[in-house]
1. Could you list, in sequence order, all residues of region 679-704 that are β-branched (Val, Ile, Thr) and closer than 10 Å to residue 873 by Cα?
2. Anything in region 85-105 that is in contact with a Pro (Cβ under 9 Å, 6 or more places away or on another chain) and without any contact (Cβ under 8 Å) to a residue 60 or more places away in the chain? List them, or say none.
3. I'm trying to understand the selection: among the residues of region 276-310, which are within 23 Å of residue 321 (Cα to Cα), assigned to a loop (DSSP other than H, G, I, E, B) and touching a Lys or Arg at 6+ places or on another chain (Cβ under 7 Å)?
4. Quick check: is even one residue across region 193-210 in contact with an Asp or Glu (Cβ under 9 Å, 6 or more places away or on another chain) and surrounded by fewer than 23 Cβ atoms within 10 Å (Cβ to Cβ)?
5. Within region 835-842, is there a residue that is farther than 23 Å from residue 873 by Cα, among the aliphatic types (A, V, I, L, M) and in contact (Cβ under 8 Å) with a residue 24 or more places away in the chain?
6. Select the helices (runs of 4 or more DSSP H) contained entirely in region 1-108, then report the ones holding at least 1 residues which are within 32 Å of the chain's Cα centre (by Cα) and surrounded by fewer than 17 Cβ atoms within 10 Å (Cβ to Cβ).
7. Every residue in region 638-675 that is closer than 26 Å to residue 872 by Cβ, out of contact with any strand residue (DSSP E or B) (no Cβ under 9 Å at 6 or more places or on another chain) and crowded, with 20+ Cβ neighbours inside 10 Å, please.
8. Kindly evaluate residue 807 against the criterion of being crowded, with 22+ Cβ neighbours inside 10 Å, touching a residue at least 24 places away in the same chain (Cβ under 8 Å) and assigned by TED's automatic domain parsing to the domain that holds residue 727.
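The values are calculated or read from the model by the stated rules, or taken from the named source; none is laboratory data. Worth saying up front: this structure is predicted, and the values here are computed from it rather than measured. Note that each Cβ is placed from the backbone with ideal geometry, even for glycine, and that neighbours are counted across all protein chains shown.
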Amino acid sequence: MPALSLPALHASHGGCWLGDASGNSRAISKGQAVTAAADTPHLILNAPLLATRLGYPDLAGLDLLELYAFIHPARFVVPTPKGLAEALGLDRAENEADVPRLLQSAAARLLETCAAPDWAEREGAWTSLQSLIKLRWPWATLLGARIPKPQRAERWIFTRLPEWEESPEAPQPRQIDLAEGDVLARLAALTGAEAEDRAGQKGYAVAAAAAFAPRRAAGQPHLVLAQAGTGVGKTLGYLAPASLWSQRSGGTVWVSTYTKALQRQLRKESRRAWPEHRPDGSQPVVVRKGRENYLCLLNLEDALQGGFAGRGAVLAHLVGRWAAYSQDGDMIGGDLPGWLGTLFPKRGIAALTDQRGECVYAGCPHYRKCFIERASRASVGADLVIGNHALVMINAARGRDTASRPTRIVFDEGHHVFDAADSTFAAALTGTEMIELRRWVIGPEKKSRGRRRGLAARLADVASYDDAGDKAILTALSAAEALPSEGWMQRIADNAPSGPLEELLAAVRATVYARDESGGQEAGYGLETEAAGLDGPFVEAAQAARLALSDLRQPLIQLGLRLEALLEDGPDWLDGQGRARIEGARHSLSWRIDTLTAWEALLARMGGPADPEFVDWLALDRSEAREYDIGIHRHWLDPMKPFARTVLEPAHGVIMTSATLRDGDDWARAIARSGAPHIEVAPELSLSPSPFDYANQAEVLIVRDVPRGDIAALAAAYGRLIEASQGGVLGLFTAIRRLRVVHGRVADRLARAGLPIFSQHVDPIDTGTLVDIFRDDPRASLLGTDALRDGVDVPGHSLRTVIMEQVPWPRPTILHRARRLAGGGSAYDDSIIRARLAQAFGRLIRSKEDSGHFIVLSSAFPTRLLDAFPEGTPVRRISLDEALQRVAGHASGQTVSGEGDRAARDGSRSAPHDTPTRQM
């Protein structure tokens, strides 16, 4: 296939290469690359990443990812030269010097595709292209010559999307017991005849089935805590009884996850138990997420009709192309390429979702085609709903509909339920939250094209019909004027707050700075102080703010009552669609009223005695040197108390499962963090050890001679270990600053050695795509923070070494200090650290074929933390040079522990911690 006669540019940490129009490639300097890119549009791949590599933020050109998104919307591709070649069926570049020619060939292949008569995504392309031509999209001219005008006018995207159908309310499920033999037979059917016999998986499936038995008493669900080590096969283990129960009872099972990666895996695994569609076209398996994950069609329409300008408008048209082919409209973790939003950093994907809760429900012209409503209705009759922890908890707390309140729940990644509950049931009275409430009540301060926002606009017909409702709306609008408005941060910084709530925020800021004891060493980072010992003026400001919030809450309550009355005895013009819109408005009102109630309760406690069930503090949020929020926060000391009341009590059966539920061999922490003690339920405990041979597959190396705080030594250690491992390293950091410094010191040198390195908080790429890139290249390494410590599944040779820069000590926040005091002091810290170490170690061995090293660069790793690692795992305290030898030996094909190495086995977890063979 002939390459496209356009120049191409490629750059990495290892250098820059320029391909001319004839396909000849040569190495050039960064300066020459910048000059070339500034003079002539070049074929490039991932403009933001290339701009970062070149240090040229204004880089522009013909980005192949944008072309791919236009021609193949909703199709996956790893955004690297190798990934692009594989997606298009091209030969991979043998080296980086060949990448420019690959880019030319890829461009030619993509342009040929759109000129072919069998192009699957042709519909709508010509219409979108006409708008992109007006926007002077770089690819428009080349595409215009290849995409002919269709003989018949193309349908607008909003007419092409299918409408959802109302589903009848699901009947109550039948009460059944699952026999052990039936559960095992279903498990065998799911795993297949060729699958290996796993005793641990069978025992796990039988234990999980107990959660589906009929409930014995109201408020007393069957609660199963099931720890299953990596490799047990817990997904199919719980899907076996779940699918059997759903089939026989007619009920719906919810599986809740913490990470989007596991949601994708579950969707794939569920196809073993359910077809993609039933004979009637409905879906037996539905993925549910929060509203902010889905494309809002009204926002998209606004963007396409001029709400977005420049590059943002290009993004809107590419998203419009995707929406027509998307399976479910999920923009965050669905089939929208994760890298698409990063190509347009100034106008992100979030602007096209319902971030502010401004949905007008049935008042929206696209309501019948709404992706969110479609998923909600599909879940009513689904056998399996795949959700996330936050969604399950929020829906249980708000109780909007029967389908949103599941009675059989599997919390996978169960070790994160505590954190999710902590976030869900917290209250935050901040400037950002209050300005969002103001926008919801009053509407945006700047004029918006075509979008009906604000209470008065959304409920105009109600106001015209109902005098009491109209009065409540007008009173609410007036009261909302007291909330912070645009420019509030600057006014507070200038000591000129406006209104009682801005005055409260100013008092919070002043108090936090007054109590700061860091001596300025925390400059650029957030500050906080206890909400205790507050002076008289602060308490007065808090009470004035509380009264202002009460003045807003009261008319909202009245409006809710009027809407309820309209639904009970509505006018003749109130049709089904109008009723749905009012019902949606009622639920939105309820949410805001609950928020205001929580804020008032929080302020009422200011200056009074502390409530032992809560932890309150004042915070100033900063990033680098910029302040971006101020507020007062309240968290439950034990968030599992409201979780038990709102989620567990109404449920009939709940499974919490993970590879790291327990603290070592102790179930006490898992039981406490399940919420069971708050409803006096004795959970059933199940333990299924990992089938992996950790004694021979893995080795923990505690490197004792990298001085803590020596950033140069830390960077040197990372660089040398990555070289010894020949890539395949996942580097985990506890601080973004250290991550960035290490990356900056080692990336160029490693790339020149053919060992590319990618990083969170450095590379302008979303986390999911970074993991995709890492998984796709065995010589690549990836650096990151907490998000990569859990939920990353990279089996095989691509991940063979995990490095932690230090022991993951808990951050000493006010909230952590309170829980530490209540939870046993240092023992509480140790349990957190062991859990983090166990989660990080779990990234290393994902299959029986995996092997590698887990390395902690800590000169003082406490022996008591070694229980974090699986039984039998060899542990060595050694020098960096010794670690390099062992890692290099593994990279060259030797076994992890070394042939005949008795010391490694004697140094495993099962040996006494002070034995000399551990090489302390």
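1. So in region 679-704, the residues β-branched (Val, Ile, Thr) come out as 679, 681, 700, 702-703.
Once the filter is applied, which keeps residues that are β-branched (Val, Ile, Thr) and closer than 10 Å to residue 873 by Cα, region 679-704 yields only 700.
2. Within region 85-105, the subset in contact with a Pro (Cβ under 9 Å, 6 or more places away or on another chain) is 92-93, 96, 98-100, 102-105.
Those that are in contact with a Pro (Cβ under 9 Å, 6 or more places away or on another chain) and without any contact (Cβ under 8 Å) to a residue 60 or more places away in the chain: 92, 93, 102.
3. 308 - this is the single residue of region 276-310 that is within 23 Å of residue 321 (Cα to Cα), assigned to a loop (DSSP other than H, G, I, E, B) and touching a Lys or Arg at 6+ places or on another chain (Cβ under 7 Å).
4. Checked region 193-210: at least one residue is in contact with an Asp or Glu (Cβ under 9 Å, 6 or more places away or on another chain) and surrounded by fewer than 23 Cβ atoms within 10 Å (Cβ to Cβ).
5. Of all residues in region 835-842, those farther than 23 Å from residue 873 by Cα come to none.
The answer is no; no qualifying residue exists.
6. Details: elements: 30-39, 47-54, 64-71, 81-88.
The qualifying helices (runs of 4 or more DSSP H) are 81-88.
7. Across region 638-675, the qualifying residue is only 663.
8. Working: crowded, with 22+ Cβ neighbours inside 10 Å: no; touching a residue at least 24 places away in the same chain (Cβ under 8 Å): yes; assigned by TED's automatic domain parsing to the domain that holds residue 727: yes.
When the stated conditions are applied, residue 807 does not pass them.
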